[in-house]
Structure formats: C-alpha cells, structure tokens
C-alpha cells in the first residue's frame, strides 16, 4: 500500500510544518519563553544585576576629597558615610555637579534629636534648647563633630594645662553647664592645678593613693565599706578621675 | 483507497508525537544556551547573602528608606517601600504600639513620641528596620502561577517583571509585607507597570561588590550585609557571636534577615 505510506508521510510532513513553522517564525520570543510557565531566572537575574547604581560608596569620595577624609576618619562621624548627608554622588562624579547640601538643624535632628526610642548611648540633644536657633554646623564641624568641643567626661589632665579656658564662669555660654558643678564651683578658686594638675603639684593634704594599688579601680573597694568609703561630696565620681586629685605615693 | 481507522490513528499519533518533539527543539536549545551563560564576571554559585538588622543600634533616622527610594527608583510616596522602619513602644501595662510615620522616610524626630503617645507609661521603645527577608523557603515563589518570581543561586528572591502578570498572589503570600505593585512607569526598571516589585538587596550593587544602599548609608551600623559563605564576613561574625532572631520563625519561611535585640511582640 505505497499510497498509504505516501499519505502518512505527507501527513507527518504537514504536521511537522504546522508545529515548527508557527513556533519558530511568527511567534514572538517572549511567548516562547513562557514555556511551561517558567521565566528564565538566570537571564532575569542578569538584568537585575545590570541596572545602574546611584550611591558610589565612601571609598570613591576619598580619591578627591582626601582632606575631608582625614578629618572625618578621626571623628565620631567616621561611621557615617559621605553619601548619607551629601546624597548619592553619581551625578557629581559624572559632570562635577555641585551638590545641594542641606545644613539645617532638622537634618542633624534626624539623627540627634532626643527620642525615647533611640539607644541610650547614642548622642542625643534637646533640639529646642541646644545652641538656640543657630545651624548646628556653626559650632560643630560635621566631619569631626567634637572638634573644639569639650571632651567627653570625665576627662584626664593629659595635654591640658589651662583649666579656666573652659571651666570659667565668665566664659561663654555652653561651658556654664559643664562640670565642675559638683562638688565645687569656680568661685574663689584660681589655682586648679593644685588639685587637678600633675602629681607633684597636687595638694599634699588630700589622701594619697598607695603606690602598690596604682589607682586602677579605686571604687572596687572604696564603695564597700571595707575601706574608707567615698565622702558624700564625691557622689557620681568614677575611678577614672581619682588620680586627678589624689597623689599616688 | 480507504485508510483504515487503525492506520489513520497510528500514523496520526506518530505525526503528533514527532511534531511535539520537533517543535520543542527551539525552546530546548534556548534553555540550554541560557543555562550555560554566567552573569558577567560575578559567580553567583560562590555567594550566599545574609543580612543583619540590629534593633539595639537603629536610631530611626530613616536614611535607609531614603537611600533605597533613590537607588531603586522606588516611589517617594510612603505607600511604596522596599524597606521601612517601625517604632515599637512597650508600656508598663504590657501594651505594644507600633507605628511607622511615612514608613520612616522622614525619620521620627519631627513628631516626638512624647506628643504622640502622651499619657502612656512607656517601659521601653526601639526601632525595627524591615525589608524583604529573602526567605530560603519563600512562599511568594511557591504561589506565583507563572513562575515569574524565583530564588537566585546566591539566595536572593527576584521578580521577572517581564513575566509577572500582576495577579498579587505573592503579595498575599508574603508574611512580611515586602511586596507591592508598581503603579506607573516612574518606578520601573524594565518598562513594565502594574507588576510586582520588591527589595532585591540591591542585586545590582551586591553583584558589583558594593553594599546595598541602605547598608551603605546607615550611620549607626544597624544594618549589616555580607556573604554567608565567607567565614570572615561581618554577617558570619555576628551570627557566630550573637544571639539572633528572625521574624515569624513559626511559618517555616527561613528568613535570611537576622535581628539582634528582639522582643516578644515584634512581628
């Protein structure tokens, strides 16, 4: 039955033609990709990986702004990336477009306004009273916010000699609030170093620290009652400042 | 000459099977070719990304939300977010309040908690950054009827927006609210609208060796990103040193955003 075989062969060819031609020729590729309801994840991921970036990261800023970087690296803001405040740098890199920087109190307050929800060890201020209405950056260099500011308390005497440049009731406003408030004021005092200076200048009348103890953790014993406890006017002091007054013998 | 019924069926079946086989060749060739290509110089088999959010460090400044919106062209309106920050407030009488004004985009300093929660006896309060958890067992991928959302080999859940039909099943399925529908062309990367969009952990950045934008700008170190395959990565260090928690572990989604400083009531 050759004609039957011929007919079957013809049918086969027609069917192949019917399936292959429409599939290969006029069907848009996007339809074929649907396949068994599966997109091509590798191609799609490649597309996602290929979209342009906007934030360039601090390591790029350093290339040109090394002066700012050196300052920034020392300060407490070294954990804050450049683009956090300055915004994404891609446009600036492309055509050197000058950035429009927001220097308002609100910008600083975004992080530093006092909020109950913030971690207690994060520096926060009352934005209503701190520094009046002035922009924060008039006093604080944003790249090194504590530059020129009082040291974090308690501080040592190391490298300091003129106490009254800060601890002076006649000095400008911010320092009025800082210690010593307890236990003593500056009233009637002028020679800070007789107590707070180097060992040899300290008052000999104050109790001495036994040399063998070295003044490492005074409060470990001086709060227990086993040895002489702290006098009442020493409330709130820590071991870090004992040697500011008490001579090591 | 008549063709017998048997022959007709026999030959017809042969033709049909042959046609199906032959017609599947082009798409097979395409699939094989695609599988062989590796995206760029980045080898996604060598990485497996992880993320840490530190609730004890987050200061609620919202810089992460802003950076995400700029970097990923996410709509500025607070209804559309790939990442956001929530404020949790626990009172002395064991009530829990959660809010996220403008999704945390403008920070929380403008409206102090003292006015918003006036009269409440607050026991404690903290911020919780949220984003896609890039689950190891992602329910969004399971429910997608067209296979348009998938997990990459480096552990990130992405959406093929050219195949997404915008049916919103995945939005329903995601227990973390990480997905949204692109409302118009302003937020699209590949031209599609009314398709689903989500956090990609900045896939375009991490595949180039950069950090996700939110991690890049976080001033408090509350967001940490790294490679779970790399023993020296910051994420691996935290996972080996700290007690970490995940959101809704009972759902078995196996999230890869790990939280430090968790609290009963955070979900």
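What number of residues within the range A:85-130 satisfy the criterion of being in a loop (DSSP other than H, G, I, E, B) and under 21 Å from residue A:71 (Cβ atoms)?
Pass one, the range A:85-130, residues in a loop (DSSP other than H, G, I, E, B): A:87-89, A:96-104, A:114-124, A:126-130.
Next cut, under 21 Å from residue A:71 (Cβ atoms) only: A:87, A:89, A:98-99, A:101-103, A:123.
Within the range A:85-130, residues that are in a loop (DSSP other than H, G, I, E, B) and under 21 Å from residue A:71 (Cβ atoms) number 8.
Selection of the range B:198-220 for residues being free of Cβ contacts under 8 Å to residues at least 12 places away in the same chain and over 21 Å from residue B:54 (Cβ atoms) yields B:204, B:209. Inside the range B:183-204, residues that are touching a strand residue (DSSP E or B) at 6+ places or on another chain (Cβ under 7 Å) and either surrounded by fewer than 16 Cβ atoms within 10 Å (Cβ to Cβ) or part of a strand (DSSP E or B) (or both) make up a count of 4.
For the range B:87-100, which positions are free of Cβ contacts under 8 Å to residues at least 60 places away in the same chain, more than 10 Å from chain A (Cβ to nearest Cβ) and crowded, with 19+ Cβ neighbours inside 10 Å? Steps first, please.
Just the residues of the range B:87-100 that are free of Cβ contacts under 8 Å to residues at least 60 places away in the same chain, to begin with: B:87, B:89, B:91-95, B:97-100.
Checking which are more than 10 Å from chain A (Cβ to nearest Cβ) leaves us with B:91-95, B:97-100.
Answer for the range B:87-100, where residues must be free of Cβ contacts under 8 Å to residues at least 60 places away in the same chain, more than 10 Å from chain A (Cβ to nearest Cβ) and crowded, with 19+ Cβ neighbours inside 10 Å: just B:100.
Kindly establish whether residue A:4 is at the interface with chain B (Cβ under 10 Å from one of its Cβ atoms), out of contact with any helix residue (DSSP H, G or I) (no Cβ under 7 Å at 6 or more places or on another chain), modelled with pLDDT of 90 or more and part of a helix (DSSP H, G or I). Judged against the criteria, residue A:4 is not a match.
Do we find a residue being outside any helix (DSSP H, G or I), modelled with pLDDT under 95 and in contact with a strand residue (DSSP E or B) (Cβ under 8 Å, 6 or more places away or on another chain) anywhere in the range B:128-135? Taking every residue of the range B:128-135 in turn, none turns out to be outside any helix (DSSP H, G or I), modelled with pLDDT under 95 and in contact with a strand residue (DSSP E or B) (Cβ under 8 Å, 6 or more places away or on another chain). Number of residues in the range A:33-54 that are at pLDDT 90 or above and not in a helix (DSSP H, G or I) equals 4.
Is it the case that some residue within the range A:44-60 is more than 12 Å from chain B (Cβ to nearest Cβ) and surrounded by fewer than 16 Cβ atoms within 10 Å (Cβ to Cβ)? Looking for residues that are more than 12 Å from chain B (Cβ to nearest Cβ) and surrounded by fewer than 16 Cβ atoms within 10 Å (Cβ to Cβ), one finds none in the range A:44-60, hence no.
Rundown of residues vs (1) touching a helix residue (DSSP H, G or I) at 6+ places or on another chain (Cβ under 9 Å); (2) within 14 Å of another protein chain (Cβ to nearest Cβ); (3) surrounded by 22 or more Cβ atoms within 10 Å (Cβ to Cβ), yes/no style:
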residue	(1), (2), (3)
B:151	yes, yes, no
B:162	yes, yes, no
B:181	yes, no, no
B:206	yes, yes, yes
B:209	no, yes, no
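Residue count for the range B:69-85, restricted to those that are within 20 Å of residue A:110 (Cβ to Cβ), more than 10 Å from chain A (Cβ to nearest Cβ) and over 16 Å from the mean Cα position of the chain (by Cα): 3. Checked against (1) facing chain B (nearest Cβ under 10 Å); (2) within 11 Å of the chain's Cα centre (by Cα); (3) over 20 Å from residue B:66 (Cα atoms), residue A:81 passes all but condition (3). Exactly one residue out of A:144, A:135, A:46 is closer than 30 Å to residue B:155 by Cα and outside the structural domain of residue A:237 (by TED's automatic domain parsing), and it is A:46.
Scanning the range A:203-222 for residues that are within 37 Å of the chain's Cα centre (by Cα) and at pLDDT 75 or above yields A:217, A:218, A:219, A:220, A:221, A:222. Return yes or no: is residue A:105 under 30 Å from residue B:90 (Cα atoms) and facing chain B (nearest Cβ under 7 Å)? Answer is no for this residue. Taking the criterion of being at pLDDT 80 or above, at the interface with another protein chain (Cβ under 8 Å from one of its Cβ atoms) and surrounded by fewer than 17 Cβ atoms within 10 Å (Cβ to Cβ), the residues of the range B:11-41 that qualify are B:12, B:14.
So that you can scan it fast, the table gives a plain yes or no per residue for (1) at positive phi; (2) at pLDDT 95 or above; (3) within 14 Å of chain A (Cβ to nearest Cβ):
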residue	(1), (2), (3)
B:193	no, no, no
B:202	yes, yes, yes
B:212	no, yes, yes
B:222	no, yes, yes
B:227	no, yes, no
B:235	no, yes, no
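Report yes if some residue within the range B:101-113 is within 12 Å of another protein chain (Cβ to nearest Cβ), surrounded by fewer than 17 Cβ atoms within 10 Å (Cβ to Cβ) and closer than 19 Å to residue A:51 by Cβ; otherwise report no. Taking every residue of the range B:101-113 in turn, none turns out to be within 12 Å of another protein chain (Cβ to nearest Cβ), surrounded by fewer than 17 Cβ atoms within 10 Å (Cβ to Cβ) and closer than 19 Å to residue A:51 by Cβ.
Name the residue that is nearest to the other protein chains (Cβ to nearest Cβ), counting only residues in the range B:124-143 that are more than 13 Å from the chain's Cα centre (by Cα) and surrounded by 24 or more Cβ atoms within 10 Å (Cβ to Cβ).
Going residue by residue through the range B:124-143, those that are more than 13 Å from the chain's Cα centre (by Cα) are B:124-129, B:142-143.
From what's left, surrounded by 24 or more Cβ atoms within 10 Å (Cβ to Cβ): B:127-129.
Values: B:127: 6, B:128: 10, B:129: 13 Å.
Among those residues, the one meeting the criterion is B:127.
Comparison of B:225, B:262 shows that the only residue that is buried (at least 22 other Cβ atoms within 10 Å of the Cβ) and closer than 30 Å to residue A:119 by Cα is B:225.
The values are calculated or read from the model by the stated rules, or taken from the named source; none is laboratory data. Predicted, not measured: the structure shown is a model, and the values here were computed from it. When we count neighbours, we look across all protein chains shown, and the Cβ atoms used for this are built from the backbone with ideal geometry, even at glycine.
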